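Student: Got a structure here, written out as structure tokens. Questions coming.
What follows is calculated from the coordinates using simple rules that are stated; it is not laboratory data. Being a predicted model, the structure only gives us computed values, none of them experimental. Reconstructed Cβ throughout: ideal geometry from the backbone, glycine too, with neighbour counts over all protein chains shown.
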Amino acid sequence: MSLIIGIDGCKSGWFSVWENQDKSIHSAVFSNLNELKNFFKNESQLILGIDMPVVLSEVIPRQADQLARKLLSKKASSVFTAPTPEMLNQPNYEKASLVSKRLFGKSMSLQSWYLFPKIKDVQTMIHHEDMQIYEIHPELSFRAMNNEQVILESKKTHEGFALRNALLSMHFKNFIFEDIRNQHARKDVMDNDILDALAVLWSAKRIQSNQASYLPQAPEKPNMQIVY
């Protein structure tokens, strides 16, 4: 049986959560995805859900990004515009931004550039035969948990945190936020990293049970989709 892992980028690398057969929730931080792969080397098959672009397009923006923004409406800004492979291969921000301007009509944000190392890390994993990796956006996951209603409150506010924490507690009977919080230093893992990784895990489990939704349903490249 496949092991399903929910992954969110954090200050120290990748914050990852999974359930054992007894439904107990476990977590770890990996500096890169190869380290994660080696940690789970005894597993025959891994299903990874990750909050990061996976399959890139030569055009920008991808249809997946556009559809995700439409569904999230007032939270559309939470959807990151995935770079093209050409942008990703540029040696510095200035050159990547010039490519963005040529393709997209506007410069790329510095915030986007800072995500490039993680996107490149994902690219090293997408062709492993014993690993399936899916792009999942946590806010789409929370929307699906919340009866298809977007949660407008930021997860960094007390109300936004409480809403998302309550939804996760409904779907993961053994999830206690403080139990996970106490295992990781705040300098390495933020509160919202924990929430997001669990939301990603929830959607990744829906993939295996054939309950997940895909944006778009018929992508131009295999797996160039956002799943929730």
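Student: Determine the distance separating the Cα centre of region 117-151 from the Cα centre of region 38-69; give it in Å without decimals.
Tutor: 5 Å
Student: Could you check the spin-label model distance between H158 and E35? Points 7 Å from the Cα along Cα→Cβ, value in nm.
Tutor: Roughly 3.6 nm, to one decimal.
Student: Next question. Through the Karplus equation 6.51 cos²θ - 1.76 cosθ + 1.60, θ set to phi - 60°, convert the phi angles of region 210-224 into ³J(HN,Hα) values in whole Hz; use x for Gly and Pro.
Tutor: 6, 10, 6, 10, 10, 10, x, 6, 10, x, 6, 10, x, 6, 7
Student: Could you calculate the FRET efficiency of I126 with Q149 from 1/(1 + (r/R0)^6), where r is the beta carbon distance between them and R0 is 22 Å, rounded to 0.05?
Tutor: 0.10
Student: Let me ask you something else. For the chain, give me the percentage of DSSP beta bridges that are antiparallel, rounded to the nearest 5 percent.
Tutor: Around 55 percent of the beta bridges assigned by DSSP in the chain are antiparallel ones.
Student: Treat the count of other C-beta atoms within 10 Å as a stand-in for reagent exposure and order Y134, Y93, Y114 from fewest to most.
Tutor: In increasing order of surrounding Cβ atoms, one gets Y114, Y93, Y134.
Student: Per-residue ellipticity at 222 nm for the chain, helices alone: DSSP H runs ≥ 4 residues times -39500 (n - 2.57), over residue total, nearest 500 deg cm²/dmol?
Tutor: Helix contribution divided over all residues of the chain: -11500 deg cm²/dmol.
Student: Give me the Kirkwood hydrodynamic radius of region 11-91 in Å, from all C-alpha pairs, to one decimal place?
Tutor: The Cα-based Kirkwood calculation yields 15.4 Å.
Student: Same structure again: Is any helix in the chain, taking whole DSSP H runs, at least 30 angstrom long along its axis by alpha carbon and on average at least 0.5 on the Kyte-Doolittle scale, and which ones?
Tutor: The answer is none, since no helix passes both cut-offs.
Student: Would you mind finding the longest exposed-site-free stretch of the chain, with exposed GluC sites (Glu not before Pro) meaning DSSP loop and at most 10 other Cβ atoms within 10 Å?
Tutor: Answer - 1-128.
Student: Sticking with this structure for a sec: What is the Rg over Rh value, at two decimals, for the chain, using alpha-carbon atoms and the Kirkwood definition of Rh?
Tutor: Ratio value, two decimals: 0.95.
Student: Charges only on Cβ, +1 for Lys and Arg, -1 for Asp and Glu: so what's the dipole of the chain about the Cα centre, in debye to the nearest 20?
Tutor: Dipole magnitude for the chain comes out near 600 debye.
Student: Report ³J(HN,Hα) in whole Hz for each residue of region 43-52, in order, from the Karplus equation J = 6.51 cos²θ - 1.76 cosθ + 1.60 where θ = phi - 60°; Gly and Pro get x.
Tutor: 7, 6, 8, 10, 10, 10, x, 9, 8, 6
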